[in-house]
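Colleague: What follows is a single structure, and I will ask about it in a moment.
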Amino acid sequence: MLRLLALVVAGGLQTLTFAPFGYEWLAPLSILLILAAVMPGGPHRLLLKGWLFGLGLFGSGASWVYISISQYGNTSAPLAVVLTALFAAGLALFPALTFWAWGKLAGDRPARRLILFPAFWVIGDWVRSWLLTGFPWLYLGTAQVDGPLAGYAPVTGVHGVTFLIVASATALFGACVVLAHRRKVTAAVTAVLAILPWIAGPALAGLNWTQRDDTPMGITAVQGNIPQQIKWDPNFLKKQIVTYLDLTEDDWNQDLILWPETAIPVTQDQAGPLIENLASRLGPQSTLITGIPWYGFSDKLEDFTFRNSIMAIGNGNGMYYKQKLVPFGEYVPLQQYLRGLIGFFDLPMSSFSPGPSDQQPLIANGHRVMPFICYEIAYPDFVARNAADTDLLITISNDGWFGHSIGPLQHLQIARMRALETGRFVLRGTNNGVTAIIDDHGRIIDRIPQFKKGVMRGEIYPVTGATPFMTTGSWPILILAMILVVFARPRIIPEPSRQTHAG
């Protein structure tokens with residue numbers, strides 16, 4: 001029972017590594033705790049053990065979904081608790097199946113289990129990033145954006161950083177096991193290998209993989225702090241637009257102006273006069289990029305459809321349609337069965353369709369700007385692939401859905417990791433926080449506090465070149481994990497011979 005409880009605690013410890021807590025040093029400690037709980041005994045209970053760990057991780061780290069369900073989903077508190085628990089329990093199946101597969105292949109040999117543990121961990125994270133649209137949240141490597149392993153992110157991506165955390169903790173655990181058998185030299189070598197990535201990481205952090213332009217762009221990002229309760233109320237549409245117009249009054253000549261997700265809360269086919277008005281206010285060298293819903297004919301669906309989109313106005317052009325939609329927030333899986341059951345399945349604007357996969361960047365003052373809407377910034381390989389041949393990344397969001405929870409600050413930390421992986425500035429615009437300028441090393445240059453109406457002015461540098469991670473994606477670390485799986489099979493690491501002797 002203590003081992004089972006330790007797994008839940010280990011999941012909670014991992015939540016503390018992320019924003020807003022920032023105790024990234026707890027990550028290897030949590031891995032040591034997991035190994036202590038799962039290494040004894042056979043693999044037959046690993047499904048349960050992995051599920052309990054996942055329950056601790058997602059029950060604490062993704063608890064912010066309760067705010068969306070209860071406060072903005074027209075759902076009673078008891079039912080919201082049940083749905084949140086089901087959400088965490090469902091996500092916990094990912095580590096449950098990962099631990100089970102690890103145990104099935106590794107068997108009960110300690111050496112084989114230790115070699116395979118980091119490999120299966122990373123493969124499990126990767127599967128979670130795409131299966132059933134994916135939940136690319138709470139990767140251990142993300143918490144290292146301010147940690148000693150941050151320098152590996154432009155080379156390996158977040159999955160590689162996670163691998164180093166898990167592998168180093170596993171090596172340290174192995175060193176303790178070997179030391180218990182009085183093999184001091186082997187234990188010392190293993191311990192050195194465990195701490196080596198943490199020593200070398202800061203040196204990598206000083207490398208510049210991309211090059212800044214000599215001339216910066218002046219930017220203005222506007223945070224309207226529109227209450228979520230009135231966001232889609234027709235009686236408050238004009239007031240919302242006036243809020244953004246007033247806040248931007250002194251900045252129409254800025255190089256780049258950013259409004260957040262659905263800052264214009266009407267579809268583009270109804271916003272023609274407003275778009276023309278905005279274009280007339282902008283200076284000759286100014287570009288406004290804003291979130292706006294799109295409604296029109298879709299060749300793919302052969303019907304008229306809604307899309308969550310972002311538009312460039314003024315000295316720029318282009319429109320981007322969100323590809324990675326949030327389940328239940330932007331579309332309802334099995335909607336023919338779920339619509340109408342409870343208020344949460346009928347949220348405003350939950351009928352979006354995904355955009356095509358071959359979209360071009362926006363153009364702003366001659367620079368190629370790749371936008372990502374809300375949840376999309378959480379997908380490391382998706383961002384790296386789309387950031388190729390672009391000068392700047394933009395992400396817009398409306399984190400008002402998550403209230404005073406830890407979700408928005410986790411979201412900001414994720415955006416910082418994408419800046420670090422791609423070596424590009426990220427300009428982040430949100431409705432109620434956190435609007436921020438993130439530099440090409442993942443550092444926050446400036447920000448507007450949460451739940452404040454405000455304007456942020458500053459400079460960002462267009463960037464050229466590509467990091468190694470942008471070129472390769474996560475494939476090198478995934479291939480390494482696969483190689484470990486193949487070469488650590490039972491027939492490769494043989495059982496010690498057992499000879500019987502007649503008396």
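The values are calculated or read from the model by the stated rules, or taken from the named source; none is laboratory data. Here the structure is a predicted model, which is why all the values come from computation and not from measurement. Note that we place each Cβ from the backbone using ideal geometry, even for glycine, and neighbour counts take in every protein chain shown. Just so you know, the surface numbers come from the protein's heavy atoms only, side chains and all, with ligands and any DNA or RNA stripped out. Shrake-Rupley method; radii C 1.70, N 1.55, O 1.52, S 1.80 Å.
Colleague: Need one word for the stretch 193-339: rounded, prolate or oblate. Basis is the Cα gyration tensor (sqrt eigenvalues a ≥ b ≥ c); a/c below 1.5 gives rounded, then a/b vs b/c decides.
Modeller: Oblate, since a/c reaches 1.5 and b/c is not below a/b.
Colleague: With the crude spin-label approximation of a point 7 Å out along Cα→Cβ, what separation in nm comes out for residue 486 versus residue 146?
Modeller: 4.1
Colleague: Could you rank the peptides 252-261, 190-199, 420-429 by their average count of other C-beta atoms within 10 Å per residue, with the highest value first?
Modeller: Result, highest mean Cβ count within 10 Å first: 420-429, 252-261, 190-199.
Colleague: Quick one: divide the alpha-carbon radius of gyration of the stretch 353-503 by 2.2 N^0.38 Å and tell me what you get.
Modeller: On the way: Rg = 22.1 Å, N = 151, 2.2 N^0.38 = 14.8 Å.
Against the compact-globule rule of thumb, the ratio is 1.49.
Colleague: Using +1 at the C-beta of Lys and Arg and -1 at the C-beta of Asp and Glu, which of 382, 482, 1 has the Cα lying farthest in the positive direction of the dipole of the chain?
Modeller: 1
Colleague: Over all directions, how big on average is the projection of the convex hull of the alpha-carbon atoms in the stretch 71-180, in square nanometres?
Modeller: Over every viewing direction, the Cα hull of the stretch 71-180 projects on average to 10.0 nm².
Colleague: Still on this structure, I have one more. Could you tell me the relative contact order of the chain? Use alpha-carbon pairs under 8 Å, at least six residues apart, and round to a whole percent.
Modeller: 17
Colleague: Also: By the gyration tensor of its Cα atoms, with a ≥ b ≥ c the square roots of the eigenvalues, what is the shape of the stretch 108-167: rounded for a/c under 1.5, prolate for a/b over b/c, or oblate?
Modeller: Oblate.
Colleague: Continuing with this model, one more query. Tell me the label only: which of (i) 4, 19, 29, 28, 15, 4, 1, 0; (ii) 3, 14, 20, 22, 18, 12, 7, 3, 1, 0; (iii) 4, 19, 28, 24, 15, 7, 3, 1, 0, 0, 0 is P(r) over Cα pairs in 10 Å bins from 0, in percent as calculated from this structure?
Modeller: (iii)
Colleague: Here is a follow-up. Which value in deg cm²/dmol, rounded to the nearest 500, describes the helix-derived mean residue ellipticity at 222 nm for the chain, given -39,500 (n - 2.57) per DSSP H run of n ≥ 4 and division by the residue count?
Modeller: -14000 deg cm²/dmol
Colleague: How big is the dipole moment of the chain about its Cα centre under a simple scheme where the beta carbon of each Lys and Arg is +1, that of each Asp and Glu is -1, and everything else is neutral? Debye, nearest 20, please.
Modeller: In debye, rounded to 20, the chain gives about 2380.
Colleague: Cα-Cα over 29 Å: which of 104/322; 231/324; 49/324; 238/322; 231/322; 239/322? Working shown, then result.
Modeller: Values: 104/322 39 Å; 231/324 22 Å; 49/324 31 Å; 238/322 25 Å; 231/322 19 Å; 239/322 26 Å.
In this structure, 104/322; 49/324 lie more than 29 Å apart at Cα.
Colleague: On to the next question. What shape does the stretch 2-90 have by the C-alpha gyration tensor, where a ≥ b ≥ c are the square roots of the eigenvalues, rounded means a/c under 1.5, and otherwise prolate means a/b greater than b/c and oblate the rest?
Modeller: It is oblate, given that a/c is not under 1.5 and a/b is not larger than b/c.
Colleague: Rg/Rh for the stretch 121-199 to two decimals, with Rh computed the Kirkwood way over all alpha-carbon pairs.
Modeller: Here the Rg-to-Rh quotient is 1.09.
Colleague: Then there is this: Ordering 475, 64, 51 by accessible area with a probe of 1.4 Å, largest first, what comes out?
Modeller: Per-residue accessible area, sorted high to low, gives 475, 51, 64.
Colleague: Still on this structure: Enter the per residue convex hull volume of the stretch 56-135, computed from alpha-carbon coordinates, in Å³ rounded to the nearest integer.
Modeller: With only Cα atoms used, the stretch 56-135 gives 96 Å³ per residue.
Colleague: Here is a follow-up. Quick one: accessible surface of residue 321, probe radius 1.4 Å, all protein chains present, in square angstrom to the nearest 10.
Modeller: Accessible area of residue 321: about 40 Å².
Colleague: Need one value: the accessible area of residue 181 in square angstrom, 1.4 angstrom probe, rounded to the nearest 10.
Modeller: 130
Colleague: Given the C-alpha centroids of the stretch 363-433 and the stretch 1-35, what is the distance between them in whole angstrom?
Modeller: Between the Cα centre of the stretch 363-433 and that of the stretch 1-35, the gap is 27 Å.
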